[in-house]
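One structure is given here, and the rest of the page talks about it.
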Amino acid sequence: TVYYYKDRFLKGGETPVPVEDRAFNYGDGIYEVVRFHRDRSFGLQEHLERLRDSAEAIRMALPFPLEEIESIVRSAVSQVEDEVVDVYFQISRGEALRVHPFPQTDPVLSLYARPGRIYTEDFREAGVAVITLPDERWSNCYIKSLNLLPNVLAKQAAVEAGAYEAVLIRDGWVTEASASNVFGYHDGVFFTHPANRHILNGITRRFLLRAIQKLGFTVQEEPMSEEFFQNEVESAFITSTTMELMPISKINQRELHPLGPESPVWQILQAFRTL
Ligand code: PLP
């Protein structure tokens, strides 16, 4: 086998990037992103359990027990000096001759830890614009799979439209966004898509559901119709590990009112931070 990477042929045995890693060739693997504030993680257990569930869903063994993955993650975090650290870790089905069926090789963990991307409070108060786009993904979006091409294309279309995120519409219903979950607020009630095969059940989403309930607001895990989301919601926001809760300031052409500190969305962000 002769391997070539970037601008040169690789010498015998040298594999800075294993050219036949199945993550590379097929997107055959899964991943997680976890945020740490010093050594305190946000929902590490939930992320590890979701990793285990994703692995099971694609019939892939984990290279190490969850506890060992946890200690590798913690060790990586401890090597970054910053206050906020994001860890990305993925498990590929391994390196093997490129044929579709599962290989005999062992799965491979790869990981990086680096300073977390922090959004300023000014950025958050201004909120972000979103556009809506058709959800062109497969029917197993609950798996945190490495296959992110539809997500990448949707996000790029949003950026090219001057927006920050693409909210995805499947059969007339809002599912989630390209890299975040979506919540809407109308008439005292919060709405978000139920955790089924059509969305990734975000860990941030789960914590926010708890924060909303803790504050005594009503929340319905029911999909919003495209029409309701576009025309009716009073406020809306997206959630993810790195963004936490990010208010939406504009849905396509419709501007949403800026949120004051007394607004339910702002209260929920504060409650979320003290969970
Ligand atoms: N939905 C999608 C498609 C995502 O890629 C992500 C995170 O990257 C989320 C939702 C949010 O998940 P979490 O809150 O676990 O970061």
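All of the numbers you see were taken from the coordinates with simple rules; none came from a lab. What you see is a predicted model; the values in this text were computed from it and never measured. With ideal geometry, Cβ positions are generated from the backbone for all residues, glycine too; neighbour counts draw on all protein chains shown.
A few notes on this one:
- The phi torsions of the range 251-264, fed into the Karplus equation with coefficients 6.51, -1.76 and 1.60 and a -60° offset, translate into couplings of 10, 6, 8, 8, 7, 9, 5, x, 9, x, x, 8, 5, x Hz, rounded to whole numbers, with Gly and Pro shown as x.
- Calculated FRET efficiency, Phe64 to Val152, Cβ-Cβ distance, R0 = 35 Å: about 0.75 to the nearest 0.05.
- Using C-alpha pairs under 8 Å with a sequence gap of at least 6, the mean separation divided by the residue count of the chain gives a relative contact order of 17 percent.
- Per DSSP, loop trypsin sites (Lys or Arg not before Pro) in the range 36-114 with at most 15 further Cβ within 10 Å: Arg38, Arg59, Arg98
- For the peptides 167-176, 123-132, 99-108, the ranking by packing is 167-176, 123-132, 99-108, with the highest mean count of neighbouring Cβ atoms within 10 Å listed first.
- Over all pairs of different C-alpha atoms in the range 110-261, the reciprocal of the mean inverse distance, the Kirkwood hydrodynamic radius, equals 15.7 Å.
- Simple spin-label estimate for Leu97 and Ser263 in nanometres, 7 Å along Cα-Cβ: 5.9 nm
- If you look at the Cα atoms of the chain, you get an Rg and a Dmax of 20.0, 65 Å.
- Candidate aspartates and glutamates for bridging to Lys250, where Cα separation is under 12 Å - those fewer than 8 sequence places away on the same chain excluded: Glu165, Glu234
- Beta bridges from DSSP with both residues in the chain: antiparallel share about 80 percent, rounded to the nearest 5.
- Pairs of alpha carbons in the range 54-93 whose separation is greater than 17 Å (percent): 40 percent
- The range 228-275: GluC sites (Glu not before Pro) in DSSP loop, at most 14 other beta carbons within 10 Å: Glu232, Glu262
- One equal scatterer on each Cα of the range 1-90, no solvent, Debye formula: the resulting log10 I(q)/I(0) at q = 0.10, 0.21, 0.24 Å⁻¹ is -0.36, -1.01, -1.11.
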